[in-house]
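Notes follow once the structure below has been shown.
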Amino acid sequence: MSALPRHVLNTGWILVLPFLVLVVALFLGPIVNILWLSVSEPTPGLGNYAKLFTSDSLGRIIGTTVRICVISTAISVALGYSIAYAMVHAADASRNKMLGLLLMSFWISVLVRTFSWLMLLGRNGVVNNGLEALGIISQPISFMRNELGVLIGMVHYMVPYAVLPILASMQSIDGRVVQASRSLGATGAQTFWRVYLPLTRAGIVAASLLVFIINLGFYVVPAVLGGGKVLMVAEYISVQVLVTLQWGTAAMLAALMLFGVLALLFLMSRFMKLSTVFGGGKA
Amino acid sequence: MAELGKSGSLQLKALTKHYGTFTAVENVDLEIQSGEFLTLLGPSGSGKTTLLMMMAGFQDITSGDILLDGRSIAAMPAEKRNFGMVFQGYALFPHMTVRDNIAYPLSVRKRPKAEIDARVGEMMELVRLGDFAHRLPKELSGGQQQRVALARALCFAPPVLLLDEPLGALDKNLRTEVQAQLKDIHHRIGTTFVYVTHDQEEALSMSDRIVIMRNGHIEQLGTPTALYQQPTTRFAASFLGKSNFLHRDGAVYALRPEKIDLAAAGHGQGANKVAGIVQSVTYFGSVLKYQVEVLGMGLIEVDVDAWRGGAPLPEHSPVDLTWADNAAVRLNDQS
């Protein structure tokens, strides 16, 4: 009776062992290394973290990063919500097509997608040239090389990520609940705000978290579309590592992002069960 | 206390619903009287749910009309019809407490808080849910959820309550109990109930009138007694209860198994008598069910009260079957 579970456990651990070694060696190891670097380079102590409060430029970079991440998360999730809503309410055939298009966007490299925005919205891009040719504007509108450009690029990249968890939570809603609301006399708007939206809350939270966390570490889009004028944490880390060789500062910022994300998850877990968020299902 | 419920009459006129080339409901005329408990009974695919959904406003009608107290509501959206509805699976709002679920129809109508509180209290008392006000639906049993759904649908005193297989998810013992509660509530509030089910026992035990549906049309309409005693078609006779079918002089007759008397060969007495051989006998506690092979009639089912008579007659024994003249009902079907 008691021998069996131990036997099963042993076999299980042996099967898992190679992956456990991989995870420790390639994932936990580097993380510990970074945490260690952040308190040991260039001199042991919390000097790197103290810079957060003394350096204006660091504060500005973190502020920019958080602001852009919050705005782009809000826009991505709002757009994702309407796309998911349209998909749930479309006929089966067109829903599959929409899902296909959505997944296709995951296959296209972020680099390609970012540069195509430059071609579209750059100073000599299709849009500016077109508007000038039509005589609507005399000076090119600066869509790119500023925060607007970064936002456009990030939202464009993140919308599909926002759609999927929201879509899952919408699909788990029993259509009869919506009918029930109507049969009880609620208008379309009342049904949406009082029944539909609350039932998709888990999906919205999951989508926001996912998008926000990916946004925090975004490198390519800000670097290309920000044109060096919009410095975000990821790009700054790369500068520290590759150009100024301040590994300590870079490690500190990386650790900061890690802790930021963990703190966010912790906060969320105070309000709702994380499993419902990541299950994407019924609240 | 304000009135507990209202009631209205419904009239369906030549109601038809096509899905593409498929006809779900065809040319249905039906008058549902104010305050009556009317059941739409039929197998799946018979159109009963489609009919109910058209009354509720969740299905467009292809042609025909629906009138509430004489006024057409065919073009009215579901939320304007003011019909209560109890859904299959209840469709409670999972994120709201029992109290908020029941208060919902009043709060979307922006009634004053005092009125809502009073009315919700009244409803919770009606369905005996007083202690559960602050629970979430998932913390309730199936029977309790069903009562919340009922209280929610009745809270705004709708003239008509539509029920779509509301007991389908309950286990059999509970179902009988809830049937009695539903009937009692119908009695107390007097609202018109339109009830969809495929369960003949539910239909027989609760309804004032039953509509038997088949392939999108009304097969037969009447009180439970009339339908059971005087079925007009083979389908009606076999869907509501069990029946043997006899072919005589080009006509078909329905003969209920319990209306046949069975006796050992030579002992049968009655207006109609045939001889047969027992093929099988099964004991069901209250009844003994015999299958008797009768020459020229096939297998005839006979129900005998188990407490009457002595030991069951064994298989292969010759028997006489007798029945009264009025026991066999002539059907409209051709032989």
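Here are the numbers:
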item	result
Residue ID - surrounded by the most Cβ atoms within 10 Å (Cβ to Cβ), chosen from residues in region B:60-113 that are among the hydroxyl-bearing types (Ser, Thr, Tyr) and within 10 Å of another protein chain (Cβ to nearest Cβ)	B:TYR104
Breaking point among (1) surrounded by 12 or more Cβ atoms within 10 Å (Cβ to Cβ); (2) within 22 Å of the chain's Cα centre (by Cα); (3) under 21 Å from A:ALA234 (Cβ atoms), for A:LEU99	(3)
Qualifying positions in region B:138-165 - surrounded by fewer than 21 Cβ atoms within 10 Å (Cβ to Cβ), part of a helix (DSSP H, G or I) and either modelled with pLDDT of 95 or more or more than 12 Å from chain A (Cβ to nearest Cβ) (or both)	B:GLU139, B:GLY142, B:GLY143, B:GLN144
Residues within region B:69-101 that are in contact with a strand residue (DSSP E or B) (Cβ under 6 Å, 6 or more places away or on another chain) and in contact (Cβ under 8 Å) with a residue 60 or more places away in the chain, tallied	6
Criterion (more than 22 Å from A:GLN246 (Cβ to Cβ) and either out of contact with any Leu (no Cβ under 9 Å at 6 or more places or on another chain) or not in a loop (DSSP other than H, G, I, E, B) (or both)) met by exactly one of A:GLY130, A:GLY59, A:GLY45, A:GLY63	A:GLY130
Residue count, region A:185-217 (criterion: more than 18 Å from B:HIS95 (Cα to Cα) and in contact with a Phe, Trp or Tyr (Cβ under 8 Å, 6 or more places away or on another chain))	5
Cβ-Cβ under 8 Å pairs, at least 6 apart or on other chains, region B:137-151 side assigned by TED's automatic domain parsing to the domain that holds B:ILE185 and closer than 13 Å to B:LEU174 by Cβ, far side surrounded by fewer than 22 Cβ atoms within 10 Å (Cβ to Cβ) and of a type in the set (Asp, Glu)	B:GLY142/B:ASP171; B:GLY143/B:GLU177
In region A:238-268, the residues that are hydrophobic (A, V, I, L, M, F, W, C) and in a loop (DSSP other than H, G, I, E, B)	A:VAL243, A:LEU245
Matching option when the condition is under 19 Å from the mean Cα position of the chain (by Cα) and surrounded by fewer than 15 Cβ atoms within 10 Å (Cβ to Cβ), among B:GLU31, B:GLU36	B:GLU31
For B:LEU170: the one exception among (1) exposed (fewer than 15 other Cβ atoms within 10 Å of the Cβ); (2) under 17 Å from the mean Cα position of the chain (by Cα); (3) in a loop (DSSP other than H, G, I, E, B)	(1)
Restricting region A:142-176 to residues that are crowded, with 21+ Cβ neighbours inside 10 Å and under 29 Å from B:PRO77 (Cα atoms), the residue that is nearest to the other protein chains (Cβ to nearest Cβ)	A:SER169
Matching residues in region B:294-320 - criterion: being in a strand (DSSP E or B) and under 13 Å from B:LEU246 (Cα atoms)	B:VAL294, B:GLY298, B:LEU299, B:ILE300, B:GLU301
A:GLY248 being in contact with an Asp or Glu (Cβ under 6 Å, 6 or more places away or on another chain) and within 14 Å of chain B (Cβ to nearest Cβ)	no
Verdict on A:VAL224 being within 14 Å of chain B (Cβ to nearest Cβ) and touching a Ser or Thr at 6+ places or on another chain (Cβ under 7 Å)	no
Subset tally (residues that are surrounded by fewer than 18 Cβ atoms within 10 Å (Cβ to Cβ), in contact (Cβ under 8 Å) with a residue 12 or more places away in the chain and either within 26 Å of A:PRO44 (Cα to Cα) or under 18 Å from the mean Cα position of the chain (by Cα) (or both)) for region A:221-245	2
Top-ranked residue of region B:200-243 - restricted to ones that are among the charged types (D, E, K, R) and in a helix (DSSP H, G or I), ranked as farthest from B:VAL302 (Cα to Cα)	B:GLU202
Number of positions in region B:232-271 that are free of Cβ contacts under 8 Å to residues at least 24 places away in the same chain and more than 17 Å from B:ASN332 (Cα to Cα)	0
Of all residues in region A:1-42 being assigned to a helix (DSSP H, G or I) and among the polar types (S, T, N, Q), the one that is modelled with the lowest pLDDT	A:ASN10
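Residues checked against (1) free of Cβ contacts under 8 Å to residues at least 24 places away in the same chain; (2) more than 9 Å from chain B (Cβ to nearest Cβ); (3) within 22 Å of the chain's Cα centre (by Cα):
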position	(1), (2), (3)
A:ALA180	yes, no, no
A:THR187	yes, no, no
A:ARG201	no, no, yes
A:ILE204	no, yes, yes
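The values are calculated or read from the model by the stated rules, or taken from the named source; none is laboratory data. Small disclaimer: the values here were computed from a predicted structure and weren't measured. In this analysis, Cβ positions are derived from the backbone assuming ideal geometry, glycine residues included, and neighbour counts consider all displayed protein chains.
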